[in-house]
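The values are calculated or read from the model by the stated rules, or taken from the named source; none is laboratory data. Note that the structure is a prediction, hence the values are computed from the model and not measured. Here the Cβ is made from the backbone with ideal geometry for all residues, glycine too, and neighbour counts use every protein chain on show. All accessible areas refer to the heavy atoms of the entire protein, side chains included, with ligands and DNA or RNA removed. Shrake-Rupley method; radii C 1.70, N 1.55, O 1.52, S 1.80 Å.
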Amino acid sequence: ISYAATATGTMTVSTTVAMSCTISAGAMTFASYDPTATVDLDTTATITSTCTAGGAAVITMGQGDRSRSGSTDATPLRAMYSGGDDGEYLLYELYSDSAGGTAWGNTSATGKAITADGTAQDFTVHGRIPKTQTVTEGTYNDSVVVTLNY
């Protein structure tokens, strides 16, 4: 077969890159709390997120399963609970910048704003149990939902 002429055309190829994210939250474990201590008890935990490069997101933290009366998403009053019928509450706080710094809440204004770079990024959660709380011995715990809004 022989061809006498040719014609060309251009095919456009395109897609849209969607914003996508994953998040994981490490456990926060405080050292043993001494109710007679004269200093607050501080610790940290790590949240890891991976999002599409260039995307903006906000990491928020819920009030916890044992939030106290008056707690709001913007001003959470978190507590760990010792369990049982005679259980007690041990107040604690979570911060986005340093223990005793900026409270980490469950609103866009009180969350941690991030700009994604396409790699796994670690963010430190600072925890504090305020000093001199009157509680009995035992194991106290709580669960906080960590959300990545993008």
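With Cα atoms as the point set, the radius of gyration and Dmax of the chain evaluate to 23.8, 97 Å. As a rough guide to protection, the peptides 35-47, 67-79 ranked by mean Cβ packing within 10 Å, highest first, stand as 67-79, 35-47. In a DSSP loop and with at most 13 other Cβ atoms within 10 Å, there are no chymotrypsin sites (Phe, Trp or Tyr not before Pro) in segment 27-85. Phi-derived couplings, Karplus 6.51 cos²θ - 1.76 cosθ + 1.60 at θ = phi - 60°, listed residue by residue for segment 24-36: 9, 10, x, 6, 9, 10, 7, 5, 4, 8, 10, x, 8 Hz, with x used for Gly and Pro. Annotation: segment 50-114 has a Kirkwood hydrodynamic radius of 13.1 angstrom, from the mean reciprocal C-alpha pair distance. With contacts taken as Cα pairs under 8 Å and at least 6 residues apart, segment 1-138 reaches a relative contact order of 31 percent. When the Cα positions of Ile129, Met80, Thr50 are compared along the charge dipole of the chain, Thr50 comes out farthest toward the positive end, with charges on each C-beta of Lys, Arg, Asp and Glu. Taking the 1.4 Å solvent-accessible surface of the chain as the whole, the part contributed by carbon and sulfur is 50%. The HN-Hα couplings worked out from phi for segment 11-17 by the Karplus form 6.51 cos²θ - 1.76 cosθ + 1.60 (θ = phi - 60°) are 9, 7, 10, 8, 7, 10, 8 Hz, whole numbers, x standing for Gly and Pro. Applying a DSSP loop filter and a limit of 10 other Cβ atoms within 10 Å to the GluC sites (Glu not before Pro) in segment 57-150 leaves Glu137. Across the alpha-carbon atoms of segment 1-64, the computed radius of gyration and Dmax are 28.1, 97 angstrom.
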